[in-house]
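Single-structure report; data block below.
The values are calculated or read from the model by the stated rules, or taken from the named source; none is laboratory data. Nothing here was measured: the structure is a model prediction, and the numbers come from that model. Glycine gets a Cβ as well: all are built from the backbone with ideal geometry, and neighbour counts include every protein chain shown.
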Amino acid sequence: MIGIYNYTVILTYLSLISAGTGIIVTLSDNGHPYWGVLFLLLCGLCDAFDGQVARTKKDRTKSEINYGIQIDSLSDVVAFGVLPACIGIAIFRTSAFIDSLSSYAFFPVLKYSFFAILVLYILAALIRLAHFNVTEEERQSEEGGVRKYYTGLPVTSAALIFPSFMILRYITPVDISIAYLPLILFTAFAFLGKFTLRKPKLCGILIMVGIGFVEAVILVLRLFLK
């Protein structure tokens, strides 16, 4: 079979499996955005350590390194691009407040604007990841080693941004579902921004994983103890 199947890409494959499952569950007839967010958190957990796991193999060939870069970004398009958009569709479908607007004449405009912004978000994630692949290949040939800075907001930040929104939606007494629209639009533009962010080290990664774990516990409680 074509492709690489050693342990260096296992977490990336698991992230894609989690994302695909999240998309299917979220868009199913009984789907709920909270399920999608749980799978998004799992994608974030896999992504947090896939690079470090891959680098433990000291004798990686250039083909293995390039394959890892490409497969990671392809997985990220689905996990942090398509899945958050599907979560947005589920929010639109299950929100009592949005449903209450369906009788108004402007509702079709709101509906298609919402969906257009979700598509724009996926496009922004794709553009950012394509740009990352090109610049990372150039950087690897010139510098080697591990990247220390990001330009723009990494798409993997979606694994904390949107779960945080869902928790806020849960604890807020009013339905804030419509706020997902400006949030995902802002995130899309942040993906393409020219500002610089320092890549987190292990301590920063562990803090984010801890935050993600707390978010996951809250969301599980929301699903099973509502």
* To do: Quickly run through the range 183-219 and pick out the residues that are at pLDDT below 95 and under 19 Å from residue 95 (Cα atoms).
  => 219
* Asked: In the range 188-215, which residues are in contact with a helix residue (DSSP H, G or I) (Cβ under 6 Å, 6 or more places away or on another chain) and closer than 19 Å to residue 87 by Cα?
  -> 188, 191, 212, 215
* Is at least one residue of the range 28-44 over 21 Å from residue 218 (Cβ atoms) and among the aliphatic types (A, V, I, L, M)? -> no
* Enumerated helices (runs of 4 or more DSSP H) restricted to the range 58-106, each holding at least 1 residues that are of a type in the set (Gly, Ala, Ser) and within 20 Å of the chain's Cα centre (by Cα) -> 62-76, 83-94
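Yes or no, residue by residue, for (1) outside any helix (DSSP H, G or I); (2) surrounded by 15 or more Cβ atoms within 10 Å (Cβ to Cβ):
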position: 10; (1), (2): no, no
position: 14; (1), (2): no, yes
position: 17; (1), (2): no, yes
position: 31; (1), (2): yes, yes
position: 37; (1), (2): no, yes
position: 43; (1), (2): no, yes
position: 48; (1), (2): no, yes
* To do: Looking only at the range 13-26, decide whether some residue is under 14 Å from the mean Cα position of the chain (by Cα), within 21 Å of residue 164 (Cα to Cα) and β-branched (Val, Ile, Thr).
  => yes
* Tally, over the range 50-64, of residues that are of a type outside the set (Gly, Ala, Ser) and surrounded by 17 or more Cβ atoms within 10 Å (Cβ to Cβ) -> 2
* Structure fact -> Here the qualifying pairs (Cβ atoms under 9 Å; residues six or more apart or on different chains; first in the range 100-127 and under 19 Å from residue 27 (Cα atoms); second of a type in the set (Gly, Ala, Ser) and surrounded by fewer than 14 Cβ atoms within 10 Å (Cβ to Cβ)) come out as 111/102
* **Residue count, the range 182-208 (criterion: surrounded by 15 or more Cβ atoms within 10 Å (Cβ to Cβ) and over 25 Å from residue 114 (Cα atoms))** => 2
* Structure fact -> All conditions in (1) surrounded by fewer than 18 Cβ atoms within 10 Å (Cβ to Cβ); (2) of a type outside the set (Phe, Trp, Tyr); (3) closer than 24 Å to residue 42 by Cβ are true of residue 176 except (3)
* Asked: Restricting attention to the range 1-51, which residues are at pLDDT 95 or above and among the charged types (D, E, K, R)?
  -> none
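So that you can scan it fast, the table gives a plain yes or no per residue for (1) charged (D, E, K, R); (2) more than 19 Å from residue 35 (Cβ to Cβ):
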residue: 83; (1), (2): no, no
residue: 87; (1), (2): no, no
residue: 104; (1), (2): no, yes
residue: 127; (1), (2): no, yes
residue: 147; (1), (2): yes, yes
residue: 155; (1), (2): no, yes
residue: 165; (1), (2): no, no
residue: 180; (1), (2): no, no
